[in-house]
Structure formats: C-alpha cells, structure tokens
Amino acid sequence: MIYDYLIVGAGVAGLYASLHIPKGCSTLILSKDPIWECNTFYAQGGISRAVDEEDIPLHIADTIRAGAGLCNVEAVEILARNSIEVVDDLIRRGFQFDRDEAGRLLFTQEAAHSRPRILHAGGDATGRELHRFLLSQTGAQLLEGVLVVDLLVEGERCYGVTVQHGRQRTNIYAKTILLASGGIGSLYEYHTNSKKISADIHGLAILRGLPLKDMEFTQFHPTVFVHNKRARKYLLTEALRGEGATVVDETGRRFLFDYDPQGELAPRDIVARAIFRHQQAGHRVYLSFERFSEAFFKRRFPTISMIFRNLGFNVPYDQVPISPAFHFMMGGIEVDTNSRVKGFENLYAIGEVACTGVHGANRLASNSLLEGLVFSKRAVEASLASPSKGRELSFPVLGDDLVKEGDQEAKQHLRETMWHKVGIIRRRQELQEARELVEGMLDRPIGHLLRLRALTARSIIDGALARRESIGAHYIED
Ligand code: SIN
C-alpha cells in the first residue's frame, strides 16, 4: 500500500497537519513511544499570539530581536500574521484557552516579549491540553511504538521510511511525507525534552542528504530543576517569571540585574548564561515565588504545584534550586516558507525538527507551538497545491544492527561531552575535543542509532566551530 500522507511524529505539528488533510486521503501518523511521549505534551508556558492586528509588527520585532537579527524575516512575518488565524481555528474547533471571569482570553507575559502575548490552557498545562485536544480531533491512523530507522530517498523524492516495530523491520511507502519528529534533547546530559527525542531523524537527514541549517543554535532554558532521577528534567515555565517569580542566589540577591537591566525578563540566552556563570562562581541559584499567594500559585500553576509538592517542596513558600538545561533546537532540516525540505518535491519538515528560520539564533518564548501550528498547516496546503503522484519503488530494508555492545556507555559519554563542551558557554579547544570524540565514535563499529546521534552531534559541533562570533544562543569565549 502507498499512503497518501505519512507523518513522522505525533506532537503539535504532526497532529495539526493531519487536521488539514482532506478526509478521503489515507494518512498514517507514526509515534516512537506511547503517543503522549512528545515535547508538546510537556510544554507548559503557552502559545504566543499577536494580541490584535496592531500587535503584529511588534510580535515580528520581538521575534527578530530575540533571534539576534538572524531570523528569516519572511518566515517571521508569516508566523505573526497567521498567529491570530490558527488560534481562532483552534477555538472554533473547541479548544479551551484560559479566560478571565468575563470570558476574555488571558494573555500572560514571558521574557523578551514587549507585552503580555502568551495564551495558555489548564494554567501551566498548555501543551498537555493541546495535545489531548488535537488527538481527539485527528481522523488519521495512529501507530505507536514505531521507530523510524531510515528515510527512503532517491533523487528529489522521499518514498517513505523504514521502521522497526517490535521485532519487525519493514518499509512504509507514501506519496507525501511530513517529518514532525521534534528536536534533539537527549543528546545533552541535562534537558527538558521527552526522553524519546534523540536526534534520529536529524542523523538520517545527514545520512540521506537532506540539508540541515543553523545547528549551532541550541537553546538552554534558564530555570530547570535538574535533581530528579529521570532523563527529562523538570521545567519551571518562563511564565512564572512573567507573573512575578524571581531568581535569587543563596544570599537572596536578585543577581540577574548585574547582567541585564531587564533582570528576570531578559531574553532566555542572557538569563541562562547569567545563572550558569553565577553557579560557576560558586553560588547556588533558586527560583523564588514569594510574591505569589498559595491560592494564586495553585490556580495558575497547578501542574508545577503538584510536581514540586510531590518532590517535597512546600511551594510557593519554598524556593526551588534551578539550573539551565537544554530545551530547544533552533536549527534543523532546512525548509522553505511552505515547509518543503530544500531540494525535495514531496518531503516536508514541520515543528522543531525543521529550520524555517523563524527563530534565528535564539527563539522567543512560546513561539514554538505557534510555529508548529502555522507551518504544519502551510505544509499541507502546499502539498495539496502540488500533489505528489507517488510511484512504486521498492527499497531494500536496512539491515544494520540498531544497537551494539558498548553503545549505552558511549551514548552517555556523548551526552556528557555535549553538555560540558558544546553547551551554554563554548570554547574552541573544547569544541575540537568534542569533535575528536565524535569522530572516534563514528570510526568504530557502533549501532545505527548511536551513529545517527553522533552524526547530529557532529553537525552541531561543526556549526559551532564555523561560527566564530558569539550570537544569540551560540556563545563562544575564545
Ligand atoms: C516555558 O514554559 O518556559 C517554555 C516555553 C517555551 O519554551 O517557549
């Protein structure tokens, strides 16, 4: 069988794309793990949206400023101009954003936005609510527990993917393919991402000749609790600072003002670096909620309230120790403003796996769910405007071992190296050392999945080495 549409990934971009595919089309969505295991599910803050028509130029300007001027301006304009429409579409379909007592949408403030512009749902559970909602709306066939291990590419076309499903390895063919697999979180020792986000598709992109762009721009979230045992560290949403939480050290001092006059509301890269430097200087850093009443905190941040009470913190009275952690990949598979992968006819990349250029060197808070919505819709519209005929072409099924002995230790070593040498503050010598480690790994007979990780890591390191000046999230000290 050849599907009309194959979507790799079941986060916001993949699911929202499926809502725009005409009903008569056969559409299959692949999810690597249980369907909710994706970054969308864990997104707390919200969805940025131009408040009204007059706010569109300001939303554009804020996005470009946060992106350190390296954004694709056309893509940013598309993002902001379509923000009202996609949010209206969600509301029309029945999605419930948080509202005030008079029924007006509640917009919150987040760092580097020049006005409150963030819509949220379930208080601090925007991603979870949105994911649940989109799942309830999609008519596509969903397949869980399916690992994509190859892209079936020839010339300017992608014919499908090879998947490992339980013990079975098989090819799935489709006329149009949308990659919506998310970022690269678990390449780093500390990250806020779903544990399934492991850079496989970026690695496959490299292996099969898809273009990658801006891979050096890796965003670190400033306020993360990193002491839990899970691979995914607990995010403390930016909206907390937007609503009045402060960052203090062990003496209670709000030291962020030493680094930027906007303090807690400075752009994310500045806050992350300031916290990192303060920690390197021997300080301990905390998020303080002393401005919040208990009732407000519980109502506005119910998920964080529950998680941290379960961890033994009497929030909002206790401060929570924080650290930066990897959060979002600005770079990715290079696409045009219709989300079509550069150089390909029927292959699209949407959401975090794509590089539309909207984020430039540093993403503005809460622009990612919005990007997933706006550009997934455009991908489907573009595919409908130039339909792909699809052609029987039989590819051999990849025979490589996915995992080999020793991969687990090597993977952990890679994660530590990425965190320490390709992290918040970079040095050329350390980047070179990281590159040598990755090259050594690629020269050994490692499993296919580790190879994909290592290829992605190498592209981040190469991007970082090539960009000699500090800009946005790429900060290089020598
Ligand atoms: C957050 O809630 O702080 C994360 C939002 C985002 O990554 O844009």
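Laboratory data are not the source of any read-out in this text; all were calculated from the coordinates shown. Quantities reported herein were computed from a predicted structural model and do not represent experimental measurements. Cβ sites come from the backbone with ideal geometry, for glycine too, and all protein chains shown count toward neighbours.
General remarks:
- q = 0.24 Å⁻¹: log10 I(q)/I(0) that the Debye formula gives for segment 330-393, counting C-alpha atoms only: -0.96
- In segment 129-242, the ratio of gyration radius to Kirkwood radius, Rg to Rh, stands at 1.01 when only Cα atoms are counted.
- Taking the square roots of 5 times each eigenvalue of the Cα gyration tensor of segment 407-478, largest first, gives ellipsoid semi-axes of 23, 11, 10 Å.
- Projecting the Cα atoms of LEU437, ALA464, TRP36 onto the dipole axis of the chain, where Lys and Arg carry +1 and Asp and Glu carry -1 at the beta carbon, places TRP36 farthest toward the positive end.
- Projection of the Cα convex hull of segment 8-75, averaged over all directions and equal to a quarter of that hull's surface, yields 7.0 nm².
- Applying the criteria of a DSSP loop state and at most 13 other Cβ atoms within 10 Å to the trypsin sites (Lys or Arg not before Pro) of segment 348-426 yields LYS389, ARG391.
- Qualifying trypsin sites (Lys or Arg not before Pro) in segment 60-161, DSSP loop, other Cβ atoms within 10 Å at most 14: ARG104
- Exposed loop sites, defined as GluC sites (Glu not before Pro) outside DSSP H, G, I, E and B with at most 15 other Cβ atoms within 10 Å, are absent from the longest region of the chain, namely 1-100.
- Its Kirkwood hydrodynamic radius, worked out from the mean inverse distance over all distinct Cα pairs, puts segment 326-441 at 17.5 Å.
- For segment 302-371, the mean projected area of the C-alpha convex hull, equal to one quarter of the hull surface, is 6.7 nm².
- Debye intensity ratio in log₁₀ form over the Cα atoms of segment 21-120, taken at each q of 0.12 Å⁻¹: -0.53
- Across the alpha-carbon set of segment 254-385, the Rg to Rh ratio works out to 1.11, Rh being the Kirkwood radius.
- Taking the helices alone, the chain has a mean residue ellipticity at 222 nm of -11000 deg cm²/dmol, built from -39,500 (n - 2.57) per DSSP H run of at least 4 residues and averaged over all its residues.
- Chain lengthening between ARG81 and ARG468 when straightened (0.36 nm per residue, less Cα-Cα): 136.0 nm
- Net charge of the neighbourhood of ARG378, taken over other residues with C-beta under 14 Å away and scored Lys/Arg +1, Asp/Glu -1, is -4.
- For the chain, with +1 on Lys and Arg beta carbons and -1 on Asp and Glu, the positive-most of ALA281, GLY360, ALA125 along the dipole: ALA125
- Segment 221-311 - charge dipole about Cα centre, Lys and Arg +1 at Cβ, Asp and Glu -1, debye rounded to 20: 480
- One quarter of the surface of the convex hull around the alpha-carbon atoms of the chain equals 21.8 nm², the direction-averaged projected area.
- Placing +1 on the Cβ of every Lys and Arg and -1 on the Cβ of every Asp and Glu, with nothing else charged, gives the chain a dipole about its Cα centre of roughly 720 debye.
- In sequence order, calculated HN-Hα J values of segment 354-368 (Karplus, 6.51, -1.76, 1.60; Hz; x Gly/Pro): 8, 10, 7, x, 5, 8, x, 8, 6, 7, 6, 3, 6, 7, 7
- In loop segments of segment 288-372 as defined by DSSP, the chymotrypsin sites (Phe, Trp or Tyr not before Pro) with at most 14 further C-beta atoms inside 10 Å of their C-beta are TYR317.
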